[in-house]
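Participant: Below are the structure tokens for one structure; questions will follow.
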Amino acid sequence: MDSKATPEAKREAVRDYVWAVHTTYLDHVQHLPPGERARLPLVAADNVTVIAAAARGLHLIATSDALPAPIGQEVEIVDEHLGTRWSLRFFDPSVIPALGVSSDDRAESVRATLGVSGAIYHLTVADGGGLTPHHAQHSGVALANLHAKTSRDLDRLRGELPRQAALVDEFAACVRLDLDQAAALVAAELSSGRLVPVPGTTAASSLAALLEDVRSR
């Protein structure tokens, strides 16, 4: 994106990118059974807000967390596709000064600065030519496939552990919110201590390991 573009043009480019991600995702999952489609995070959330956070890079964070109404210089744009509605909010150092101070551009650090506890997705868009429909469509398909696989794997886990349904639901929430450490702890409990994920193990990896463990019993 042209660094000399006006703020309005930059916001419109981000809006187009998010629109392409979401419409590609939602169109891609239309072939799924209705119940399975309804469980996908971008479809299931009653309230979807996409935060465009300008830190050292551009972060696009979709969350179901409720945010306060825009005030002052904050900008909000609302779009909808196939019954899924989302609000796009823009935050930069002029709105949240901490975004311009920290040198830590990791996803978890940016979310902590924004006070967002969990994300439906978190994309980091490269400077320059990153905001293109081509990249957005690839991201939409990848997210849809990842979310569909995760949903199926969690359903399989519920089938394997019917007597631990409440704990599996807790584990599922950790996976969907990318709570890696919490997911590792619950996986250890669900496996009766057979799984001891090393520090840094992702929630998705804990899910894969737990499925392998319960199937091997």
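Participant: How high is the relative contact order of the chain, given as a whole-number percent (alpha carbon pairs under 8 Å, six or more residues apart)?
Facilitator: 21 percent
Participant: Sticking with this one: Could you give the accessible area per residue of the chain, probe 1.4 Å, as a whole number in Å²?
Facilitator: Accessible surface, normalised per residue, equals 52 Å².
Participant: Something else now. Between ALA188 and SER117, what's the calculated FRET efficiency when r is the beta-carbon distance and R0 is 25 Å? Round to 0.05.
Facilitator: That pair, ALA188 with SER117, gives E of 0.65.
Participant: In Å, the Kirkwood hydrodynamic radius of region 1-92 over pairs of distinct alpha carbons?
Facilitator: The answer is 14.3 Å.
Participant: Once the Cα gyration tensor of region 23-154 is diagonalised, what are the square roots of 5 times its eigenvalues, in whole Å and ordered largest first, as equivalent ellipsoid semi-axes?
Facilitator: Three semi-axes, in Å: 26, 16, 14.
Participant: Please report how far the C-alpha centroid of region 1-58 lies from that of region 129-175, rounded to the nearest whole angstrom.
Facilitator: What the calculation gives is 17 Å, centre to centre.
Participant: Sort 209-217, 168-176, 191-199 for me by packing, meaning the mean count of neighbouring Cβ atoms within 10 Å per residue, highest on top.
Facilitator: In decreasing order of mean packing, 209-217, 168-176, 191-199 become 168-176, 209-217, 191-199.
Participant: Quick check on region 1-114: of the DSSP beta bridges with both residues there, what percent are antiparallel, nearest 5%?
Facilitator: Around 70 percent antiparallel, to the nearest 5.
Participant: Quick one: of the DSSP bridges fully inside the chain, what percent are antiparallel, nearest 5?
Facilitator: Restricted to the chain, the bridges split so that about 75 percent are antiparallel.
Participant: Once the whole set of protein chains is in place, how much accessible area is left on HIS138, using a 1.4 Å probe, in Å² to the nearest 10?
Facilitator: Around 110 Å² of this residue is reachable by solvent.
Participant: Cα-based Rg of region 85-194 per 2.2 N^0.38 Å, rounded to two decimals?
Facilitator: Relative to the rule-of-thumb radius for its length, region 85-194 sits at 1.34.
Participant: State, to one decimal in nm, how far the label point of GLN30 lies from the label point of ALA13, with both points 7 Å from Cα in the Cβ direction.
Facilitator: My value for the distance between the label points is 3.0 nm.
The values are calculated or read from the model by the stated rules, or taken from the named source; none is laboratory data. In this text, all values refer to a predicted model and were calculated from it rather than measured experimentally. Every residue, glycine among them, receives a Cβ derived from its backbone with ideal geometry; neighbour counts consider all protein chains shown. Please note that ligands, DNA and RNA were not included when accessible areas were found on the heavy atoms of the full protein model with its side chains. Shrake-Rupley method; radii C 1.70, N 1.55, O 1.52, S 1.80 Å.
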